[in-house]
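Chemist: Just dropping this structure here.
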């Protein structure tokens, strides 16, 4: 059995490369591998969002029963995926699964498809199109070739149809004051 709905997103906003905004851990300590204050704000807003879906205006989203995030590696030390996923996982009462790095797309897809729980996946944005290529998609041509570099406010949703294929849909988060609206 496979999940009915899978939701994929990029981590929340990151620190600037050469100065502010700075990265901080969950305790407010400086950490260049964690989220910026805005990223933490987004992570909290996502937790509230996913705790209250499906909802009017959000029919494509589901309340996740499983939360996955990439784990840091020696070469890719970002904790931002886990930082973004943790508030949602805590709010809905599940742990964050960090069994995969962003280079483990095939193994992660196999794990997700092998479990019938609806899933939220927080992944490195540069590898998200590769991850989605491992799912049986009815409209694979609709999946962007790249996650937009300047977008932290999207959710890529896969919804299973009666034939077992998934339909791709891009959804705007519309959580923070300057998130872009659909269109």
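The values are calculated or read from the model by the stated rules, or taken from the named source; none is laboratory data. Because the structure is predicted, anything quoted here is derived from the model rather than measured. Positions of Cβ are backbone-derived with ideal geometry, glycine not excepted, and every protein chain shown enters the neighbour counts.
Chemist: If residue 50 satisfies all but one of (1) over 20 Å from residue 174 (Cα atoms); (2) part of a helix (DSSP H, G or I), what's the number of the condition it fails?
Modeler: (1)
Chemist: Being modelled with pLDDT of 95 or more, under 15 Å from the mean Cα position of the chain (by Cα) and not in a helix (DSSP H, G or I) narrows it down to one of 168, 135, so name that one.
Modeler: On the way: 135 fails: under 15 Å from the mean Cα position of the chain (by Cα).
Every option except 168 fails the conditions.
Chemist: Can you tell me how many residues in the stretch 89-129 are under 17 Å from residue 157 (Cα atoms), part of a loop (DSSP other than H, G, I, E, B) and in contact with a helix residue (DSSP H, G or I) (Cβ under 8 Å, 6 or more places away or on another chain)?
Modeler: 1
Chemist: Looking at 32, 21, 15, which one is within 15 Å of residue 176 (Cβ to Cβ), touching a strand residue (DSSP E or B) at 6+ places or on another chain (Cβ under 8 Å) and at pLDDT below 95? So that I can check it myself, show each step before the final result.
Modeler: On the way: 32 fails: within 15 Å of residue 176 (Cβ to Cβ); 15 fails: within 15 Å of residue 176 (Cβ to Cβ).
Only one candidate passes the filter, namely 21.
Yes/no per residue for (1) within 20 Å of residue 4 (Cα to Cα); (2) without any contact (Cβ under 8 Å) to a residue 12 or more places away in the chain; (3) exposed (fewer than 15 other Cβ atoms within 10 Å of the Cβ):
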{"position": "86", "(1), (2), (3)": "no, no, no"}
{"position": "97", "(1), (2), (3)": "yes, no, no"}
{"position": "114", "(1), (2), (3)": "yes, no, yes"}
{"position": "120", "(1), (2), (3)": "yes, no, no"}
{"position": "126", "(1), (2), (3)": "no, no, yes"}
{"position": "142", "(1), (2), (3)": "yes, no, yes"}
{"position": "159", "(1), (2), (3)": "yes, no, no"}
{"position": "168", "(1), (2), (3)": "yes, no, no"}
{"position": "178", "(1), (2), (3)": "no, yes, yes"}
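Chemist: So, one more: Only one residue in 48, 30, 20 is touching a residue at least 24 places away in the same chain (Cβ under 8 Å), surrounded by fewer than 16 Cβ atoms within 10 Å (Cβ to Cβ) and more than 17 Å from residue 125 (Cα to Cα), so which one is that?
Modeler: Details: 30 fails: touching a residue at least 24 places away in the same chain (Cβ under 8 Å); 20 fails: touching a residue at least 24 places away in the same chain (Cβ under 8 Å).
Answer to the selection: 48.
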